[in-house]
Amino acid sequence: MDAASSTSPALNPAVAPLQAALQRLRTATRRYLVLAGSARVALVLAGLLVGQLLLDRGLRLASEQRLVVDLLVVAGLLWALVRYLGPALSAELSDVTLARLVDRAHPGLHDGLASAIELARPGLDPQANSPALIEQVLGEVTAAADRINFLGVLDHASARRRVWRFAAGGVALFLVAIFWSSGLATWFQRNWMLRDVPWPQATYLRAVGFDADRVRPAPRGEPLRIVVDNLGRIPRTARLVWQTEDGKRGEQPLTRIGALASAEAGEVTARWEANLGPLRGPLRFRLLGGDERSAEYLVSARPRPQVVALEMHVTPPAYTGMPEAVFRETAALEILARSTLRVRARLNKPVRSAEVVSAAGAVGVTTMPTSEELEWQWDAPESGAYHFALRDENDWANRRPVRMTVKVTADAAPEVELELPGVGELITPQVDLAARVTARDAYGLTQVRTWARRNEDPPLQLPDEDVRGQREHRAALPVSTERVGIRPGDRLALWAEAADNDPAGPNVRSITPIVLEVLSRQDFLAAMAQREQELRQEFERLLSAQRGLQDLLARLVPELAASPTPTASQSQQLAGLVRRQAGHATRVLEISRRYAEILAEMQQNRASRAADERRIGDGVVTPLEVLGQTQFPEASAALEGLRVEVTPEGVGRVARLEAGLITAMEAVLANMLEWEGYREAVALLTELIELQEAAHGATQNAMETQLDEILDLDAFAEPDEGSAGLPVKP
């Protein structure tokens with residue numbers, strides 16, 4: 001406040017009436033200023049409230065949005081109070097300022113009021129200002145002021161208009177409160193009480209399945225279907241306006257799916273739906289139809305419960321002695337009967353319930369070590385297909401569950417094999433016979449036995465070893481032909497059996513007996529000679545086929561010489577020759593192998609001589625191996641080269657190689673024929689010797705018979721008891 005204010009008690013008492021008049025002006029002026037500021041504040045507040053009402057009425061703001069608007073309204077009101085009412089309350093209305101206002105309104109005063117206020121201040125220098133003169137001036141000004149209406153300087157008409165406007169606004173607000181009380185009540189409750197009270201309207205659209213906050217979870221990646229209940233008037237059309245989290249927007253018309261009977265006023269009168277396709281992420285939407293502009297709804301995309309990792313623990317039965325096995329990233333399992341199965345599953349989210357089911361129904365209930373882990377133990381598993389049936393807090397079930405296929409197998413009998421190296425179906429009594437036995441069982445053996453039987457005699461068990469606890473057993477058991485007592489004409493059967501340590505068994509497996517025919521050395525050699533003859537005949541046919549191939553090639557060579565590149569037909573013919581020759585090589589190696597088997601059987605049966613080993617090994621087996629492994633592949637490669645390019649050098653090389661093949665095969669055949677003749681001669685001589693020995697024996701028997709008859713030796717029989725030892729003639 002100005003120091004010269006007339007309210008100061010230190011002013012000259014002569015200006016007291018003037019000071020009282022200025023005080024009345026000061027009070028009226030401040031009242032008018034407050035009235036003007038209040039009018040502006042009221043105007044701003046009305047605009048803010050109307051804007052708030054229209055904004056919420058049109059957009060159906062969410063509670064969070066309404067709170068923000070409330071804060072903006074309060075902020076606007078505070079701004080208006082500071083901007084318009086603050087200056088009115090804090091304005092400095094000093095006596096000098098008010099006196100100058102009156103002076104300007106009354107020019108005849110010649111600024112006397114302001115001068116009088118200045119002269120009435122205490123502390124004026126009496127030498128510079130005559131006290132008598134000051135008293136005179138103050139008297140004149142005071143007398144003049146008595147004739148002036150100080151309040152006339154104010155704009156009373158403007159103040160009255162503001163008062164009438166306040167009154168009109170109050171009346172309008174009163175009428176609105178009377179005729180639109182429900183709307184104002186809704187506005188107040190929605191915006192200042194922050195309640196989700198709907199605006200009064202003819203049509204209401206409500207999305208089904210949403211909570212009080214208009215939020216609904218939906219499975220991610222699945223088609224989203226929105227069902228809308230229509231309350232009140234049914235609009236001609238309705239639509240859904242949506243927006244995704246990444247800013248995409250769109251609009252979907254609602255399809256009316258039928259009118260419903262209304263039991264009471266305000267209940268559902270129709271139903272609409274919209275299909276929005278697969279839900280990829282959070283989705284916000286509003287419903288528009290008739291006078292409805294719904295608040296915003298939110299669809300939150302959440303995954304269905306699902307098994308994301310599976311771990312299966314299998315504990316075999318105790319008798320197997322095997323440790324627990326763990327299987328990951330697999331859903332198919334084969335386990336031994338009486339094993340224990342424990343399954344651990346990791347989930348993508350917490351679940352409310354989980355159980356293991358099969359096609360026949362529930363199998364077991366799981367335990368949950370954590371909110372996102374399941375564990376299931378099955379002490380007596382059964383074969384079948386199983387999966388976890390999950391339910392989350394939304395009562396959603398898992399779709400396309402991870403299936404566990406369990407195959408429960410009984411402990412199989414052991415595998416057992418019996419081999420007789422170097423022995424065929426024919427043997428001699430002198431054979432070196434050793435049975436090679438192999439037995440396997442995944443969970444352990446308890447016994448492996450090998451048997452031998454001559455004809456129909458009781459079987460004889462061969463020596464065995466302790467195999468308990470072994471999962472694989474290999475042994476070579478010598479077979480004593482003397483102990484078995486085989487002779488030419490007998491049949492020798494050999495077999496093996498193995499048992500495991502299954503307490504429910506044990507499981508025993510026995511192989512089909514291997515039956516061997518026992519021949520004399522001569523018969524055995526004759527059988528081997530017969531097999532050699534059959535192989536020689538097969539080799540002759542093979543040689544004839546190779547000669548035919550050489551003839552075909554000889555007829556094809558002149559055609560090939562006409563062009564450096566073979567035609568398609570010629571290339572095809574060459575390919576056929578290559579394939580045929582490769583087949584000949586395979587047959588040659590097979591004949592070589594079978595000759596080697598004959599030699600091995602002769603050696604094992606002690607029926608071979610050094611000459612036989614040289615004849616078969618050096619004269620047949622080795623040359624045939626060279627043919628099949630070296631010469632035939634080399635000739636086939638040369639033929640294949642002609643398919644790429646025909647050159648005189650290539651043709652000549654093929655001709656030489658093919659001729660070399662024929663020569664080598666003829667040499668082997670000649671060796672076969674030579675030794676076959678030798679063997680026939682040896683066999684004939686052996687037969688003559690045997691016939692001679694037989695004739696000699698028959699002659700000796702006949703001579704002994706004739707001698708008995710001549711000497712009548714039968715007359716001298718042994719004397720009976722009591723005959724005194726005298727001969728008795730019959």
Assertion target for ILE335, ILE662, ordered by fewest C-beta neighbours within 10 angstrom first, is ILE662, ILE335
Here FRET efficiency (C-beta to C-beta, ALA655 to GLN530, R₀ 41 Å, nearest 0.05) is 0.60
Taking the reciprocal of mean 1/r across every pair of different Cα atoms in the stretch 373-491, the Kirkwood radius in Å is 19.5 Å
Among the stretch 612-626, those whose backbone N falls under 17 Å of a label point 7 Å along Cα→Cβ from LEU673 are 620
Given backbone amide H placed at 1.01 Å from N, residues whose amide H is under 5 Å from that of ALA309, ignoring those fewer than 5 places away on the same chain, are ARG346
Computed on Cα atoms only, the convex hull of the stretch 522-690 has an orientation-averaged projected area in nm² of 10.0 nm²
Between the modelled labels at ALA185 and SER569 (7 Å from Cα along Cα→Cβ) the distance in nm is 10.8 nm
Taking the convex hull of the alpha-carbon atoms of the stretch 201-302 and averaging its shadow over every direction gives an area in square nanometres of 6.3 nm²
So, with points 7 Å from each Cα along the Cβ direction, the VAL241-LEU35 label distance in nm works out to 4.6 nm
Under the 7 Å Cα-to-Cβ spin-label approximation, THR370 and SER520 lie apart by a distance in nanometres of 8.7 nm
Taking Cα pairs closer than 8 Å and at least 6 residues apart, the relative contact order of the stretch 415-519 in percent is 35 percent
Expressed as a whole-number percentage, the relative contact order of the stretch 201-302 with C-alpha contacts under 8 angstrom and at least six residues apart is 38 percent
Contact order relative to length for the stretch 522-690, counting C-alpha pairs under 8 Å separated by 6 or more residues, stands in percent at 33 percent
Rounded to the nearest Å, the spacing of the alpha-carbon centers of the stretch 553-598 and the stretch 296-313 is 66 Å
The exposure ranking of MET193, MET665, MET602, fewest beta-carbon neighbours within 10 Å first, is MET193, MET602, MET665
Of all trypsin sites (Lys or Arg not before Pro) in the stretch 450-483, the ones in DSSP coil with at most 13 other Cβ atoms within 10 Å are ARG468
Given 41-48, 320-327, the highest-first ranking by average Cβ count within 10 Å works out to 41-48, 320-327
HN-Hα couplings for the stretch 300-309 via Karplus (6.51, -1.76, 1.60; θ = phi - 60°), in whole Hz with x for Gly/Pro, come out as 8, 7, 10, x, 6, x, 8, 7, 9, 8
With the charge dipole of the stretch 278-392 built from beta-carbon charges (+1 for Lys and Arg, -1 for Asp and Glu) about the Cα centre, the Cα from VAL307, LEU374, LEU287 projecting farthest to the positive end belongs to LEU287
In whole angstrom, the spacing between the Cα centers of the stretch 440-492 and the stretch 646-665 equals 55 Å
Those trypsin sites (Lys or Arg not before Pro) from the stretch 278-384 that are DSSP loop and have at most 12 other Cβ neighbours within 10 Å turn out to be ARG352
At the level of C-alpha centres, the distance separating the stretch 347-417 and the stretch 20-45, in angstrom, is 84 Å
Subtracting the Cα-Cα distance of VAL644 and ALA554 from 0.36 nm times their residue separation yields 30.6 nm
Taking R0 as 51 Å and r as the Cβ-Cβ distance between THR663 and ALA385, the FRET efficiency 1/(1 + (r/R0)^6), rounded to the nearest 0.05, comes to 0.15
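The numbers here are math on the coordinates, done by the rules we state, and not lab data. These numbers were taken from a predicted model, which means no experiment stands behind them. With ideal geometry, Cβ positions are generated from the backbone for all residues, glycine too; neighbour counts draw on all protein chains shown.
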